[in-house]
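For reference, the structure discussed in these notes is given below.
What follows is calculated from the coordinates using simple rules that are stated; it is not laboratory data. Remember, it's a predicted structure, so these values are computed and weren't measured experimentally. With ideal geometry, Cβ positions are generated from the backbone for all residues, glycine too; neighbour counts draw on all protein chains shown.
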């Protein structure tokens with residue numbers, strides 16, 4: 001399969017305006033993401049998808065750039081516009097604020113597209129503080145590794161351990177934390193963005209539920225990498241420290 005790595009990037013951000021261009025260890029955040037993607041073996045090419053000329057001007061120095069409409073409601077819609085004009089079989093959507101993304105995770109998500117129309121990744125929940133955190137999305141999978149449901153609530157409910165401390169509940173079941181990376185076969189992505197927002201998606205504010213609502217099979221690869229994103233300016237120092245210490249947990 002010819003698979004493109006697509007990085008949606010926008011300048012506007014409520015918590016961190018201009019985030020893709022913010023310097024981290026002397027290079028723009030976005031450049032770190034591009035360099036990690038280029039280490040993945042399954043991607044034919046890495047492309048930045050943006051509607052902002054400032055991002056495009058900087059990104060063209062180190063990556064191919066595709067300009068998109070400023071009207072897109074999500075990064076998924078942005079990459080769908082680009083995929084529609086590319087000659088390829090599939091795409092992996094890599095978040096533009098993860099400068100430490102493990103290339104092996106990208107390859108795992110891309111590889112899962114061989115026998116599934118859509119793919120993503122998950123890692124075990126290890127930190128008790130994430131157990132009840134609605135910002136940490138959980139996923140449950142079936143025996144074949146396909147997603148059954150994603151939720152901001154902790155799922156499943158482990159009845160026999162429900163009254164125990166969180167650490168014991170984590171030990172009672174292999175809870176999975178969803179990682180925000182997606183693979184799509186071309187036709188699946190172009191179909192997905194034509195569907196209206198589904199009731200489950202509207203309730204949880206999770207785009208991937210639109211796929212499940214419409215019967216799209218979603219393969220979930222389980223990895224040991226844990227996401228290290230840059231959400232606010234204070235995260236920059238943490239990422240720079242991790243870069244000095246070496247790459248975090250790999251897949």
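Miscellaneous remarks
- Point-to-point label distance, residue 22-residue 160, nm (Cα→Cβ direction, 7 Å offset): 4.5
- Seen through its C-alpha gyration tensor, with square-root eigenvalues sorted a ≥ b ≥ c, region 5-93 comes out oblate because a/c lies at 1.5 or above while a/b is not bigger than b/c.
- Between region 156-184 and region 10-75, the alpha-carbon center distance in angstrom: 33
- Rounded to 5, the percent of DSSP beta bridges in region 113-251 classed as antiparallel: 75
- Gaussian network model of the chain, springs between alpha carbon atoms under 10 Å - residue of 59, 161, 49 with greatest fluctuation: 161
- Fraction of antiparallel bridges per DSSP, the chain only, in percent to nearest 5: 50
- Ellipsoid semi-axes in whole angstrom, largest first, where each is sqrt(5λ) of the Cα gyration tensor of region 38-173: 35, 17, 14
- Translational diffusion of region 193-251, estimated by Stokes-Einstein from the Kirkwood radius over alpha carbon pairs at 10 °C in a medium of 1.306 mPa s, is 109 µm² per second.
- Shape summary: region 102-166 maps onto an equivalent ellipsoid whose semi-axes, from the alpha-carbon gyration tensor, are 26, 14, 10 Å in decreasing order.
- Cα gyration tensor shape of region 130-249, rounded if a/c is under 1.5, else prolate or oblate by comparing a/b with b/c: oblate
- Cα convex hull, region 125-194: 110 Å³ per residue, rounded to a whole number.
- Between 0 and 90°, nearest 10: helix 75-84 axis offset from the chain longest Cα axis: 50
- Normalised by the number of residues in the chain, the average gap of Cα pairs under 8 Å and 6 or more apart makes the relative contact order 23 percent.
- Added length on full extension, which subtracts the Cα-Cα distance from 0.36 nm per residue, residue 231 to residue 45: 64.4 nm
- Translational D in µm²/s for region 1-54 (Stokes-Einstein at 20 °C, 1.002 mPa s, Kirkwood Rh from C-alpha pairs): 177
- Length-normalised contact order of region 131-251 in % [C-alpha pairs under 8 Å, at least 6 apart]: 23
- Helix 235-245 axis versus longest C-alpha principal axis of the chain: approximately 90°, rounded to the nearest ten.
- Highest mean first, the peptides 223-234, 100-111 sorted by other C-beta atoms within 10 Å per residue fall in the order 100-111, 223-234.
- Estimated FRET transfer efficiency (residue 168, residue 114; beta-carbon r; R0 51 Å; 0.05): 0.85
- Alpha carbon convex hull of the chain, projected area averaged over orientations, nm²: 13.5
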